[in-house]
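Asks: Sharing a structure below in structure tokens format, with a few things to ask.
None of the figures in this text is laboratory data; all of them are computed from the coordinates on show. Predicted model only: the values in this text are computed from it and were never measured. Here the Cβ positions follow ideal geometry from the backbone for every residue, glycine too, while neighbour counts run over all protein chains shown.
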Amino acid sequence: MVGMATRTSAIQVTGLRMTYGDDEVLTGVDLTVRTGTVYALLGPNGAGKTTIVRILSTLLPADASEARVAGYDLRSDADRVRESIGVTGQFSAVDELLTGRENLRLMADLGHLDRPHAVGVVEQLLERFRLADAADKRAAAYSGGMKRRLDLAMTLVAGPRLIFLDEPTTGLDPRSRRDLWGIVRELVADGVTVFLTTQYLEEADQLADRIGVLDGGRLVAEGTAAELKQLVPGGHVELQAADSRRLAELARAFPESALNPAALTVTLPHDGSLTTLRRLLRGIDDDAVTGLAVHTPDLDDVFLALTDHARTDTSTGEVPA
């Protein structure tokens, strides 16, 4: 079963545990990351996100787990794992005394690329990451966004098919963050698998095929962004009535609704599904409503609800629904 799963999984982990002294940081995490997708791991500070990245990238041994990364056993084939992955950490690996081109050439030498191939790879990456014009300037003169792009380019010199991005856009301005998102999308389109940790919930919403929420050392929820949003109550539909008479008719038709007579609006609970929305609107005359707005919980709501629950009620092991 595990062997079949790894054919389509870049990461397959069961029972990941880690303890520092008396502090159990990870309490038995199971996760699967499909090849060619983005998996985003969310969690508050201290939840264990970076610890998971360090373990899966062979930088830290786990106390217990069964794990395969890039198709290799994490314990017995650690060298093969390291050959197959790239890691961009929270803190830049860029040497600011070197130029952008020299940083990339250094990574090519460390990856044992032959010289002609290395020259071609370096030039391609400089173009791809829009660093060609600054390639021969010292990295110390680069902006924060340029340094982050160079850092990611350095990760890709050896051509890994699985990369770990540990909070890669922390400290970047919105434009630089979106530039990096575009690069991640290009990588995935080329078949690269991305394991991303982030505290920017919009980032996970924009990029991730699946999202895991980590808190208190355990995975408290997992799914697509849409699936996670459905875990949290608060979705609603707001109808704009044509006039006061129509508002009263809507109120009678939907006794569970909340009215705002001054704004001529009716607010109804909604679980976010198209089926429920159709059923809700089926009996409403077209001329009774002049506007409609659907509001669903966002990942901020999900994050706060799930992590607050995990801190206050860890004994049940249940995720709120």
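Asks: Roughly how big is the chain's charge dipole about its Cα centre, with Cβ charges of +1 (Lys, Arg) and -1 (Asp, Glu), in debye to the nearest 20?
Replies: 640
Asks: What size of dipole, in debye to the nearest 20, comes out for the stretch 236-295 about its Cα centre when the only charges are +1 on Lys and Arg C-beta atoms and -1 on Asp and Glu C-beta atoms?
Replies: Dipole of the stretch 236-295, to the nearest 20 debye: 120 debye.
Asks: Let me ask something additional. Distance between Cα centroids, the stretch 29-76 to the stretch 215-294: provide it in whole Å.
Replies: Each part reduced to its Cα centre gives a spacing of 39 Å.
Asks: Along the charge dipole of the chain, which of 189, 212, 116 sits closest to the positive end, that is, farthest toward it, with unit charges on the beta carbon of Lys, Arg, Asp and Glu (+1, +1, -1, -1)?
Replies: 116
Asks: Still on this model: What residues qualify as long-range amide H neighbours of residue 10, i.e. H under 5 Å apart, gap of 5 or more or another chain, H built at 1.01 Å from N?
Replies: For residue 10, the qualifying residues are 33, 34, 35.
Asks: Right, something else. Near residue 241, within a Cβ-to-Cβ distance under 13 Å, what is the net charge of the other residues, with Lys and Arg +1 and Asp and Glu -1?
Replies: Every neighbour counted, the sum reads -3.
Asks: So how do 218-230, 37-49 stack up, highest first, on mean other-Cβ count within 10 Å?
Replies: The most tightly packed comes first, giving 37-49, 218-230.
Asks: Using θ = phi - 60° and the Karplus relation 6.51 cos²θ - 1.76 cosθ + 1.60, list the HN-Hα couplings for the stretch 104-111 in order, rounded to whole Hz, with x at every Gly or Pro.
Replies: My calculation for the stretch 104-111 gives 5, 5, 4, 5, 5, 5, 5, x Hz in order.
Asks: Which residue, chosen from 28, 87, 237, occupies the Cα position most advanced towards the positive end of the dipole of the chain, where the dipole is computed from +1 (Lys, Arg) and -1 (Asp, Glu) charges on Cβ about the Cα centre?
Replies: Of the candidates, 87 comes out farthest on the positive side.
Asks: Okay, moving on. In nm, what is the difference between 0.36 nm times the number of residues separating residue 285 and residue 75 and their Cα-Cα distance?
Replies: 69.1 nm
Asks: How would you order 288-297, 104-113 from highest to lowest mean count of nearby Cβ atoms within 10 Å?
Replies: 104-113, 288-297
Asks: Return a whole-number percent for the relative contact order of the chain, with Cα pairs under 8 Å and 6 or more residues apart as the contact set.
Replies: 19
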